[in-house]
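Peer 1: Here it is, the structure, as structure tokens.
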């Protein structure tokens, strides 16, 4: 988690680099594995916000949406 957070804190250097977008996804997955569902949800939402105009057909975005939906179901 710490390494993903470091990447996100550096996004002001080159904010359009794909690594910053993927860091949100990595952070979301790491928090989910650690059982920090609120933090995971926030990181997923950050990922989706960055990619709000992206093509919905991108496989990694589809997979992330599926993971996010499962996370929300797990919290219920």
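Peer 1: Tally up the residues in segment 33-61 that are more than 18 Å from residue 5 (Cβ to Cβ) and loosely packed, with under 13 Cβ neighbours inside 10 Å, please.
Peer 2: Qualifying residue count for the region: 8.
Peer 1: State which residue is modelled with the lowest pLDDT when the search covers only segment 50-61 and only residues that are in contact with a helix residue (DSSP H, G or I) (Cβ under 8 Å, 6 or more places away or on another chain) and not in a helix (DSSP H, G or I).
Peer 2: 56
Peer 1: Given the options 64, 23, 30, name the one that is modelled with pLDDT under 95, surrounded by 13 or more Cβ atoms within 10 Å (Cβ to Cβ) and part of a helix (DSSP H, G or I).
Peer 2: After applying the criteria, what remains is 23.
The values are calculated or read from the model by the stated rules, or taken from the named source; none is laboratory data. Given the structure is predicted, the values throughout are model-derived calculations rather than measurements. Positions of Cβ are generated from backbone atoms using ideal geometry, with glycine treated the same way; all protein chains shown enter the neighbour counts.
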